[in-house]
Amino acid sequence: SKVPVITVDGPSGSGKGTISQILATKLGYHLLDSGALYRLTALSVIKHDIDVSDEEAVAKEALELDVVFKPSSHGEQMVLLDGQDVGVQLRLDETSAMASKVAAIPQVREALLTRQRQFRQLPGLVADGRDMGTVVFPDAEHKVFLTASPEIRAERRHKQLIEKGVNANIRHLLKSIIDRDERDRTRTVAPLVPAEGAFVVDSSNLSIDEVVQQILDFIGFSE
Ligand code: C5P
């Protein structure tokens, strides 16, 4: 029988990343942070000085990503691109903006499809992204769509960046979140929309624990 998948889709700052990590830990499942693959493609494009309007060249970067995910000594996930630790660079605003540009290229999405599906391994997978439930794992047993207001999402991103020691301006963040959402929602391939039958949660006024609990109730998991 098929390996179980729980998809968690939604815009940036909706809490997907944090929530998915907690769910994966609670369920003992693997975790796919698909946004990281788009960010890595973006970084690779920037580092290798590829013209983003050259769609074929960008897709080649996506296909040939030299990436290693490994746990650091602190237990955190470390990401190596071409053998270099890119943990901080991955989260930079410039990388986010480039990520949503490369993500709008159909050949890039195609190139990353197999890589994403390889994460589907026993005992199960929590997959976090924009099109996990609609495109990558349409047969997932449980689909979740997380939202939150743009203002709340900007605040969360701000806090996150400050904690990582990255300087950030909240008004600038809000604008880039709104721009990025617009690009993600209106693109022709795999636009950001809830999958059919998805459980929609607005996390604006919920704590992380409350969101996790709602999702665990939805999938019928009890501790
Ligand atoms: O989730 P995260 O903010 O890291 O994603 C970065 C960008 O990658 C998003 O703005 C979106 O354009 C793209 N993305 C995507 N499909 C996914 C995950 C991310 O298009 N499944």
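May I have the count of lysine pairs in region 31-184 with C-alpha atoms under 25 Å apart, counting pairs 8 or more residues apart or located on different chains? Here the count comes out as 12. Taking the chain as a Gaussian network of alpha-carbon nodes connected by springs under 10 Å, the highest mean-square fluctuation of the residues 49, 85, 128 belongs to 49. Region 139-178 and region 35-54 have Cα centres spaced 21 Å apart. Near the amide H of residue 78, within less than 5 Å, lie the amide hydrogens of 70, 72, all on another chain or at least 5 residues away, with H placed in the peptide plane.
Working note: Karplus 6.51/-1.76/1.60 with θ = phi - 60° gives region 168-181 the couplings 8, 10, 5, 5, 5, 4, 4, 5, 5, 5, 5, 5, 5, 4 Hz, where Gly and Pro are set to x. Taking amide H atoms as placed 1.01 Å from N in the peptide plane, the amide H of residue 201 lies under 5 Å from those of 145, 146, 147, each 5 or more residues away in sequence or on another chain. As a proxy for reagent exposure, ranking 73, 100 by other Cβ atoms within 10 Å from fewest up yields 73, 100.
Determine the dipole magnitude for region 51-160: charges of +1 sit on the beta-carbon of Lys and Arg, -1 on that of Asp and Glu, nothing else is charged, the reference point is the Cα centre, and the result goes in debye to the nearest 20.
With only Lys, Arg, Asp and Glu charged at Cβ, the dipole is about 540 debye.
The magnitude of the dipole of the chain, with charges of +1 and -1 set on the Cβ of Lys/Arg and Asp/Glu and taken from the Cα centre, is near 160 debye. Model label points for residue 166 and residue 200, set 7 angstrom from Cα along the Cα-to-Cβ axis, are 2.9 nm apart.
Specify whether the C-alpha gyration tensor of region 53-126 places it in the rounded, prolate or oblate class, a ≥ b ≥ c being the square roots of the eigenvalues: rounded for a/c under 1.5, otherwise prolate if a/b is larger than b/c and oblate if not.
Numbers: a/c = 1.98, a/b = 1.26, b/c = 1.57.
Oblate, because a/c is 1.5 or more while a/b does not exceed b/c.
Loop-located GluC sites (Glu not before Pro) in region 111-207 (DSSP state not H, G, I, E or B) with no more than 11 neighbouring Cβ atoms inside 10 Å: 196.
The simple Förster model, with R0 at 35 Å and r as the Cβ-Cβ distance, assigns residue 69 and residue 210 a FRET efficiency of 0.75.
Given the -39500 (n - 2.57) contribution per DSSP H run of 4+ residues, what per-residue ellipticity at 222 nm results for the chain, rounded to the nearest 500 deg cm²/dmol? Working shown, then result.
On the way: 9 runs with 104 residues, N = 223.
Computed ellipticity for the chain at 222 nm equals -14500 deg cm²/dmol.
For region 144-167, the residues whose backbone nitrogen is under 11 Å from a point 7 Å from the Cα of residue 219, taken along Cα to Cβ, are 144. The distance between label points at residue 189 and residue 52 comes to 1.6 nm (points 7 Å beyond Cα on the Cα→Cβ vector). Taking the charge dipole of the chain about its Cα centre, with +1 at Lys and Arg Cβ atoms and -1 at Asp and Glu Cβ atoms, the residue from 107, 207, 173 reaching farthest to the positive side is 207. Net charge dipole, region 89-211: roughly 460 debye, given to the nearest 20, about the Cα centre with Cβ charges of +1 for Lys and Arg and -1 for Asp and Glu.
Amide H contacts for residue 125 (H built 1.01 Å from N in the peptide plane; partners 5 or more residues away or on another chain; cut-off under 5 Å): 5, 6, 30.
Cα gyration tensor of the chain, axes a ≥ b ≥ c as square roots of the eigenvalues: rounded (a/c below 1.5), prolate (a/b > b/c) or oblate? Rounded, because the longest to shortest axis ratio a/c is under 1.5.
Between residue 178 and residue 78, the contour length at 0.36 nm per residue exceeds the Cα-Cα span by 33.1 nm.
Every number in this text was worked out from the coordinates using simple rules, so none of it is lab data. Every value quoted in this text rests on a predicted model; they were computed, and no experiment measured them. Using ideal geometry, Cβ is built from the backbone for each residue, glycine included, and neighbour counts are taken over all protein chains shown.
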